[in-house]
Every structure is written in structure tokens, then in C-alpha cells.
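Written out below as C-alpha cells is the structure these notes cover.
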Amino acid sequence: MQALDEKELLIQKDYIKQAKKIAGELEQKLGHKPTFAIITFGCQMNARDSEKLIGIMDEIGFVNNGEDEKSDFVLYNTCTVRDNANQKVYGRLGVLSNLKKKNPQMKIALCGCMMQEPSVIEKIKKSYRHVDLIFGTHNIFKFAELLVTMYESDRMVIDIWDNTERIVEDLPVKRKYSFKSGINIMFGCNNFCSYCIVPYVRGRERSREPKDIIREIEALVKDGVVEVMLLGQNVNSYGKTLESPMTFAELLQEIEQIEGLKRIRFMTSHPKDLSDDLIQVMKHSKKICRHLHLPLQSGSSRILKEMNRRYTKEQYLALANKLRTEIPDLSLTTDLIVGFPGETPEDVDETIDVVKQVGYDNAFTFIYSKRTGTPAAAMENQVDEALAHEGFDRLLKVVQDTAKERALMMQGQTMEALVEEMNAQDDTLVTGRLSNNMIVHFPGDASMIGQLVMVKLVECKGFYYLGERV
Ligand code: SF4
């Protein structure tokens, strides 16, 4: 951590103290401990950011009740990867507007990727004046300071940064699970895929120092964590911005040495940066889970070029074949976009062909969503919605059939599962996750949560298994 960031940590710790006083005064005024809700939209990066925001609110002394309509302070950690994510937030702000008329003490705040879009800020300033605080993705570490400023101000507080080099470590964190945790290894993205808004809202790539990552994981393992998910928009380009560069494969080898850590997962990988070293490290690892998420997006080399993905259909297939050969028990999942500008039914056929050749264990399939400010949004040949849906349905059928076939191949095998929670529908069952990311439900109780147990996969139910402990 740079000297500047160490200094910043002390400054923020001081603001946490000031905020504690405000929380005490609020308790007097309200007659109860002030409550908060942090609602998270979007990806695991956002989920991890929210764990930091919740950690700070806990430290300040607010009570987490998790319900936005019943809280004294509400924060939406937003996503903007597709337009419907934005619409959801505007909808919630509408609901809160009426509640705030009845309860003027209520404070409303917004952060996350959607707030990095200037047009969104203008819209909120004009149409959602009941919002008290807005900040972005680059200054989350200043949350305590912004909270104090908000409570001391009678106007909307807005603090959005275009970019940052800053990485402030060791702020309070409240993780969702006791036995597993997401770990940011890097922030931002330099790839500028033509449909994607992320580089504009998450900034340039910057990697955390390996020693800070190791130190954080060691502390988590001491605190009961057995599985970590290493997070980055493109983990394969980890380490390029470090004073003494280190590759992602080398970082994984360091993390593998941590005593008590049982499982390592990571996302997201970009195919153009997936090295032979990484494949060999995964192959020989005892802890790296047998699952790789490798977004393809499209199987048409012509469309991949328009997307600025910087690999062709053939290169992707060669990589997938190498992975399947070197790590035969690897589960491969992917992201697929249908309806990208200029796409034809023949291009969708190309995507279907890759799905069949690779045989994905699962795939997240999306219809292209125009994001203002991205190159693709300015492309003329936007695809007709009905045609996009037709392609989407054709592709989804193949994805589901392929995934079911793959799942069926494991029937009867015994595998290790990490018990994650009680089954939501049946309280005699627990839900576990296999190393290959497949879900299995089997008889058990809450005392098993967080344990690694051996399970026989008895019956395949398409995208999950019913099993029994052995
Ligand atoms: S790699 Fe491409 S799709 Fe992924 S976050 Fe970066 S720009 Fe977006």
C-alpha cells in the first residue's frame, strides 16, 4: 500500500469516529439505533464492494436491517451493464420518494457503476432530488467521509471521480459468508470491448500488491474461510501495473501455499490473455477449483472483430480444446451475446457451432443491450428485436441441451462439496457446491455449513444434482 493510501486509511478511520457520534445523536432523535440497508445490483465485484460498505456501516454503529423501505439510511450499489439494471434503480427511487415524504429523516444514497455515467447524474439531479448522496466506483474507500459530509449538509452531496490509482487497504469488511469470500485482486479494465460500458465506469486496470492479497487471504483463513474467489474484470492481465510485475499464474502459485485454504476460484478470464502457464498451474493445483468461466460472447469471427474481442473463433476453439485436453475434469462456462449490431442468423449459427464443439457446462446468454457511450451503440446496423429473440431462443435450446448432457456424465460419481446453505425449499436438505461449480442438494443440517464433505451424485436434475453424503 502506498504511503498516500496508508495516510488515507487513518483519515477514514477518523471519519468513522465522527460518524459514530452522528449515529449516537440520531439514536437520541429517532429513539432507536439508526438502521441501514445496502442493496446490491450486478456482479461479484459489486457484491464485494458492498461487503466493504456494510463493514463501515457496522463499524459506525448503524443496524443492518437489509430492507430499503424500512431503513433510516438506504444505499443502492448500482450496475449499468444493461439498461434494465438502470430502470430497476429508478423504480426503487420512485418508491422511496413517497416514503421519504412521510419520513424526512430518511437518507438515500447511490453508488456503483451507473453513477459513473454523467447523463445519469444529470437525470438524478433533475428528477430525483430526494437523493442525498451520490458517489462512484473509484472512491468507495471515502464512504465514511462522504457519510459525515451528507449528514452535515442540507444539499445533495455528489462526489464522482473519473479515474484513480488509489487502492486503500484494511477498511472494515462484513462478508456475506463465514466460510468463503470474494477477494479483489485488481480493478478496472483496458480491453474496451465495443459493447461494454465497464472500462468507462471502472477505469484503467490497476492490480493490488501480491503481499496485500496474501495478507488478506491469510487473515480470512484464520477467520474460518476455506474458499476464496479472486475477482477482476480480467484476472489474466493481473500484475501488469505493479512496480515488480507478477503474472496471474505466479500469484495463484503463491496463494496455493496458504495453509488452511482449501479452494481457489477466480473470475473473469479473457481468452486473449489465458496463458499456457496458467493452464499448467491449474492442472497441477490441489486447490484451484475445476471450473473456468471463459466468455466467448460470439462464435462468429466477423462479429468478434466488431466486438474488439481480439481473438477468432478458431483461436478460441484451440484454447478450449487445450483446456479440455490438459484438464479433462474442467467445467467450462461462458457468456454469450445475441443481437450485436450487424449480426445475421448465420453468425448465430457460428455461435451455436462453438457451443456444440466446446460442450459448455453452462452459459449465461444475453440479448445485446445498447449502452450509450460505447462504440457499438453508435453502430448503424442495430439488429431488429424480433430477429435477436429468434436467435436467442435457438441458442438457448442448444446451451441447455449441451449443459444437461454434460451434467448427466457425472451421475453416480462421488465428489467433494462445500456445504453453502440450507436448501430454500426443503429444510431436511443442504445445498453444496462441487469444485466444478455444480450444485448438489442432499440430506443434512445447518451444522454442516462451511464444511467440505464427500457426496454421491445420485440423480441429475438438469442443472443440479440430488445426492447423498458418503
Ligand atoms: S473484458 Fe471486455 S467485456 Fe469484460 S469488462 Fe473488460 S471491456 Fe467489458
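The values are calculated or read from the model by the stated rules, or taken from the named source; none is laboratory data. It should be emphasised that the depicted structure is a prediction, and the values quoted were computed from it without experimental measurement. Quick reminder, even Gly has a Cβ in these numbers, built from the backbone with ideal geometry, and neighbours come from all protein chains shown. All accessible areas refer to the heavy atoms of the entire protein, side chains included, with ligands and DNA or RNA removed. Shrake-Rupley method; radii C 1.70, N 1.55, O 1.52, S 1.80 Å.
Full extension of the chain segment joining Arg204 with Asn190 gains 4.5 nm, where the gain is 0.36 nm per residue of separation less the Cα-Cα distance. Straight-line cross-link partners of Lys397 among the lysines, defined as a Cα under 21 Å from its Cα and at least 8 positions apart when in the same chain: Lys313, Lys356, Lys461.
Return a whole-number percent for the relative contact order of segment 326-418, with Cα pairs under 8 Å and 6 or more residues apart as the contact set.
38 percent
Of all DSSP-defined beta bridges confined to the chain, some 35% are antiparallel rather than parallel. Of the peptides 209-222, 51-64, the order by per-residue mean of other Cβ atoms within 10 Å, starting with the highest, comes out as 51-64, 209-222.
Protein heavy-atom surface of the chain, 1.4 angstrom probe: 51% of the accessible area is carbon and sulfur, with nucleic acids and ligands not counted. Using Cα centres only, tell me the gap between segment 434-466 and segment 100-175 in whole Å. Taking the Cα centre of segment 100-175 as reference, the centre of segment 434-466 is 40 Å away. Relative contact order of segment 221-317: 27 percent, from C-alpha pairs under 8 Å at least 6 residues apart in sequence. 3J(HN,Hα) along segment 114-129, derived from phi through the Karplus expression 6.51 cos²θ - 1.76 cosθ + 1.60 where θ = phi - 60°, amounts to 4, 6, 7, 9, x, 5, 5, 4, 4, 5, 5, 4, 8, 10, 10, 6 Hz, with x in place of Gly and Pro.
How high is the relative contact order of the chain, in percent, with contacts defined as C-alpha pairs under 8 Å that are six or more residues apart? Rounded, it is 10 percent for the chain. Taking 20 Å as the limit for the C-alpha separation, the pairs Lys21/Lys107; Lys33/Lys142; Lys176/Lys222 exceed it in the case of Lys33/Lys142. About its Cα centre, the dipole of segment 237-281 is roughly 280 debye, where the only charges are +1 on Lys and Arg Cβ and -1 on Asp and Glu Cβ.
Net length available on complete extension from Glu67 to Asp212 is 48.8 nm, with 0.36 nm assigned per residue and the Cα-Cα distance removed.
Checking Cβ-Cβ separations below 4.7 Å across the chain identifies Cys43, Cys79, Cys111, Cys113, Cys189, Cys289, Cys460 as cysteines lacking any candidate disulfide partner.
The angle separating the long axis of helix 313-326 from the principal Cα axis of greatest extent in the chain is about 80 degrees. Each label was represented as a point 7 Å from its Cα along the Cα-to-Cβ direction; for Leu452 and Leu99 these points are 4.1 nm apart. Secondary-structure-derived ellipticity at 222 nm for the chain, considering helices only, amounts to -12000 deg cm²/dmol, per-run term -39500 (n - 2.57) for DSSP H runs with n ≥ 4. Computed from the C-beta positions of Tyr464 and Ser285 and an R0 of 25 Å, the FRET efficiency is 0.50 to the nearest 0.05. Simple point charges give the picture: +1 on the Cβ of Lys and Arg, -1 on the Cβ of Asp and Glu, and for segment 268-334 a dipole about the Cα centre of about 100 debye.
Solvent exposure of the chain amounts to 44 Å² per residue of accessible area, where only protein heavy atoms count and the probe is 1.4 Å. A Förster radius of 22 Å combined with the Cβ-Cβ distance from Lys123 to Trp161 puts the calculated FRET efficiency at roughly 0.70. Taken about its Cα centre, the chain carries a charge dipole of roughly 700 debye when the Cβ of each Lys and Arg holds +1 and the Cβ of each Asp and Glu holds -1. If R0 is 35 Å, the Cβ-Cβ spacing of Ser244 and Ile11 corresponds to a FRET efficiency of close to 0.80. 3J(HN,Hα) along segment 211-227, derived from phi through the Karplus expression 6.51 cos²θ - 1.76 cosθ + 1.60 where θ = phi - 60°, amounts to 5, 6, 5, 4, 4, 5, 5, 4, 5, 5, 5, 4, 8, x, 7, 10, 9 Hz, with x in place of Gly and Pro.
Local charge sum around Ala377 (other residues, Cβ-Cβ under 9 Å, Lys/Arg +1, Asp/Glu -1)? Charge balance in the 9 Å sphere: +2.
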